[in-house]
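The values are calculated or read from the model by the stated rules, or taken from the named source; none is laboratory data. As the structure is a computational prediction, the values presented were derived from the model and not from experiment. With ideal geometry, Cβ positions are generated from the backbone for all residues, glycine too; neighbour counts draw on all protein chains shown. Heads up: the accessible areas ignore ligands, DNA and RNA and are worked out on the full protein's heavy atoms, side chains in. Shrake-Rupley method; radii C 1.70, N 1.55, O 1.52, S 1.80 Å.
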Amino acid sequence: MRKWIDRGLPIACAICAVACCALLLGIVATILARGLPVLSGEFLSAADGELLGSGGIRYQLFGTVLLVATALAVGAPLALGWALVQAVWVRSQRGRRLLRRTLYAVNAVPSILFGIFGLIVFVKYLDWGKSWLAGGILLGLMIVPTIAVALVERIEALPAKYVRAAAGLGLSKGRIVTSVILPQCWSGGASGALIGLARAAGETAPILFTAAVFSGVTVPHGVVESPVLALPYHIFVLAQDSFDPEAGAHLWGSAFVLLALVLALSLLALPLRLRAAEEAQHG
Amino acid sequence: MRSSLARWASYGATGLTLVFGTALLVSFVAQSLPVWRHEGLAYVTGSVWHFRSEQFGVLPMIYGSVVVSIVALALAAPLAVGAAIWSAEYLNGRNRWWFKVPIELLAGIPSVVYGLLGVLLLRNWIYELFERFEPLSGDTLLTAGVLLAVMILPTVMTLADDALRGVASSQRRAARALGFTQAEGVLRVSLPQAAPGLVAALLLGLGRAMGETIAVFLVVGRQDSQADYGLRSWLEAGQTLTSKLGSSETFLAYGDPLHWSAIVGLGLVLLALVLSLTLAAGRWLPETGLARNRRA
């Protein structure tokens, strides 16, 4: 009996593990098999056609890149400041714990609520209408916890002797932050930022009411009433009207491009995290 | 001089983030006040949502959210915990890394892509599989639950793996020295010791399932009224808090203060459910594990 359990448990667990990996492979393979034939230079570079789901995805791609870039410009400084306050400036354990809990609470807020919040503040109260800037700010706020937590983990893992040595040389605390802590920990922030951007690129719910439209716009000029097209929103709308086979091919192509973009950003973060793991071992 | 500049810039950024967070919370409470005054407690217990007759009961949506999340967790939990045991107890460093990379990538797939797979594949499979129960279509609460199960799998698996690896290896060695087989060590030492972390992993998975919008929206059927609350309803179209919030009714409602506050109230109920799950998980798992909770 004991022997059977000892043999059976790893087999059962391995089956679970293989099933998890098979799910990923199945999903990626499905998108690949149906999306790859659609992909061409023209599909990426042409604007969308007159009919639903015809033509290319030039401005959808542009809109997504614009939203993600804005999210980075908004989210990175906020996260950097937060991480420094939590890991460096605040000394009391109570203060740090409070900041950490707050960050987790923000992280748990469902993305649709950011969308409704953006509708209240940007679209209606500030009267921007749908605007790329509103979408970028909302996505930026959403990824603050992702970047800040990655940065805090790296700062806390920094050997204390580095900071002590710098203090012994007579460096001020601000100087220690800019000359010791940030150069040593930037890769943590960068990998957090890449993962955050991968999430921001794929988000639909926050831009649903605040930034994205389905067709009729190209490059925004200004902020007010300046929506963009975006890949996730494009897929979301087409998926609700999926019975037209022409739109179907277009849909798989768009999904393939979005998935490739997101996975590329996540994979870029891997070497940075590997380096972090190695440095932690050698201390 | 430089010290104070870096310091004030950091505090400024933190303050700004806190202002946005507080504004979010305040706007959901303040803007939903009219509907609480109009409906009272009947807002969460009423089962009719009909905005033309100014009836706002969100019980069907709460029911939908709870059902899809529980279905998702029931399907994902065994698979995720099994995979986590495999990764934490049977794999060594390098092999574990090769296993965790695809899981991390699985966590990164956008929800709209899951939604697309749900629309084009899963809802047909569900329809065919349960054909003898005569569902009206493949858009059901069950479909949304199955789709969510795949989506929360990486979250639960990563957190469960962290919890198991938090058990000191000296405990495992002690178990072996007492004559336990490896499997007995896992079942009688690692799992009980990791139990708080595992519970937290499940609670966070539940919270994540509850907050997911886009994929659920595409396959849940989006029907406001719930004919019955029995098992049969799992194979009928339903509505969740999130799918209601994501519908075009949100845009339409803005002009009418009462209707709008009923929509915002859905958000407040959702926020309360998700935050209490997260806080409960935080009690079990006070340290950094919560950071791995990927947003829905």
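Quick notes on this structure:
- Multiplying the residue separation of residue A:101 and residue A:124 by 0.36 nm and subtracting their alpha-carbon distance yields 5.2 nm.
- Look at where the Cα atoms of the stretch B:1-56 and of the stretch A:36-98 average out, and the two centres are 24 Å apart.
- Cross-link partners of residue A:161 among lysines (Cα-Cα below 24 Å; sequence separation of 8 or more within a chain): A:173
- Estimated FRET transfer efficiency when R0 is 35 angstrom, pair residue B:52-residue A:224 (beta carbons, to 0.05): 0.60
- On association of chains A and B, roughly 7500 Å² of accessible area becomes buried (total for both chains; probe 1.4 Å).
- Protein-only accessible surface at a 1.4 angstrom probe places the residues B:244, A:173, B:100 in the order A:173, B:100, B:244, largest first.
- Kirkwood hydrodynamic radius of the stretch B:62-155, Cα pairs, Å: 14.7 Å
- Rg and Dmax of chain B, based on Cα coordinates, read 22.2, 76 Å.
- Chain A, Cα convex hull volume normalised per residue, Å³: 202 Å³
- Eligible aspartates and glutamates near residue A:130 by straight Cα distance, threshold 14 Å, same-chain separation 8 or greater: A:225
- Residues of the stretch B:231-253 with amide N under 20 Å of a point placed 7 Å along Cα→Cβ from residue B:44: B:239-245
- Members of the stretch A:43-79 that become less accessible by 20 Å² or more once partner protein chains are added (1.4 angstrom probe, chain alone as reference): A:78
- Amide hydrogen neighbours beyond the local backbone of residue B:55, cut-off 5 Å, H modeled: B:50
- Chain lengthening between residue B:188 and residue B:272 when straightened (0.36 nm per residue, less Cα-Cα): 26.6 nm
- Chain B, relative contact order in percent, only Cα pairs under 8 angstrom and at least six apart counted: 27 percent
- Computed over the Cα atoms of the stretch B:2-75, the ratio of the radius of gyration to the Kirkwood radius (Rg/Rh) comes to 1.28.
- Excluding same-chain neighbours fewer than eight residues apart, the aspartates and glutamates reachable from residue B:100 by a Cα-Cα span under 15 Å are B:89, B:161, B:162.
- Residue-level accessible surface for residue B:50, protein heavy atoms, 1.4 Å, Å²: 90 Å²
- Placing one equal scatterer on every Cα of the stretch A:1-113 and applying the Debye formula, the log10 ratio I(q)/I(0) at q = 0.11 Å⁻¹ is -0.82.
- Sequence-ordered 3J(HN,Hα) estimates for the stretch A:164-173 from the Karplus curve with 6.51, -1.76 and 1.60 and θ = phi - 60° stand at 4, 4, 5, 5, x, 6, x, 6, 6, 5 Hz, glycine and proline given as x.
- In this calculation the C-beta distance from residue B:18 to residue A:52 is compared with R0 = 51 Å, giving a FRET efficiency of 0.70.
- Dipole moment magnitude, nearest 20 debye, the stretch B:1-144 about Cα centre, only Lys, Arg, Asp, Glu C-beta charged: 740 debye
- Rounded, prolate or oblate (a/c below 1.5 giving rounded, otherwise prolate when a/b exceeds b/c) for the stretch A:58-201 by Cα gyration tensor: prolate
- Whether the protein assembly as shown is rounded, prolate or oblate, judged on the alpha carbon gyration tensor where a/c under 1.5 counts as rounded: rounded
- Once the Cβ-Cβ distance of residue B:248 and residue B:4 is raised to the sixth power relative to R0 = 41 Å, the FRET efficiency obtained is 0.25.
- Note on residue A:263 and residue A:69: the extension gain reaches 68.2 nm, defined as 0.36 nm multiplied by sequence separation minus the Cα-Cα distance.
- Per residue, in Å², the accessible surface of the stretch A:39-282 once ligands and nucleic acids are set aside, probe 1.4 Å: 40 Å²
- Furthest towards positive pole of dipole, B:213, B:73, A:209, structure part the protein assembly as shown, Cβ charges: B:73
- A cut-off of 5 Å between modelled amide H atoms, ignoring neighbours fewer than 5 places along the same chain, links residue A:55 with A:49.
- Accessible surface of the stretch B:60-292, 1.4 Å probe, proportion on carbon and sulfur as whole %: 62 percent
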